[in-house]
Amino acid sequence: MNNQKTEQIKKTIENVDKALINSLASLLSSEVKAKIYIYLRKYGESTVDEIAHGTGIYPSTVREIILEMYEEGLVNRKKLEKEGLGKRPYLYSAIPPSEVVKKLSKSLQKKLNDVFMLDKKLKKKEIKIPFLPVKIIIDDSNKEH
């Protein structure tokens, strides 16, 4: 077995803390998304086949979910540079965790404000925009660069 093949076999997320996967799965609404995101953060740019191999998720499922993640802005993609004929697959990479938190906090803030304002909305009272009783502030001044 060549070194590249051996290295690919080692690239799995089996040793990742299950609590971390569960936390991320609840935030991203899918365990599959969580596993793909963690794999990409750990190993960087990868093709669908590499992600499938490393996560144990069927390639067709990875293709479907990675497209959703791309559309949601959770992953970036670029065409693999290669010589010769044939299709060039995409290389995917995950956005930084701080950016995921910012995206999720905006969505959560909107939902919390909708709940907070429920009685006013039901009574059809005028709500002055941009009145936001719930505001989520992310302090990423301590993030690693």
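Points to keep in mind about this one:
- Once the stretch 1-32 is narrowed to residues that are part of a loop (DSSP other than H, G, I, E, B) and modelled with pLDDT under 65, the residue that is most open to solvent (accessible area, probe 1.4 Å) is 1.
- Residue satisfying all of: in the stretch 39-57; small (Gly, Ala, Ser) and under 10 Å from residue 94 (Cβ atoms); surrounded by the fewest Cβ atoms within 10 Å (Cβ to Cβ) among these: 44
- Scanning the stretch 133-145 for residues that are modelled with pLDDT of 65 or more and open to solvent by 100 Å² or more (accessible area, probe 1.4 Å) turns up 135, 137, 139, 142.
- Here residue 110 passes the criteria (1) open to solvent by 80 Å² or more (accessible area, probe 1.4 Å); (2) farther than 20 Å from residue 138 by Cα except the one numbered (2).
- Selection of helices (runs of 4 or more DSSP H) fully inside the stretch 57-132 by the criterion of at least 1 residues being modelled with pLDDT under 85 returns 97-116, 118-122.
The values are calculated or read from the model by the stated rules, or taken from the named source; none is laboratory data. Computed from a predicted model, the values in this text were never measured in an experiment. FYI the Cβ positions are ideal-geometry reconstructions off the backbone, even for glycines, and counts take in every protein chain you see. Only protein heavy atoms, including side chains, enter the accessible area calculation; ligands, DNA and RNA are left aside. Shrake-Rupley method; radii C 1.70, N 1.55, O 1.52, S 1.80 Å.
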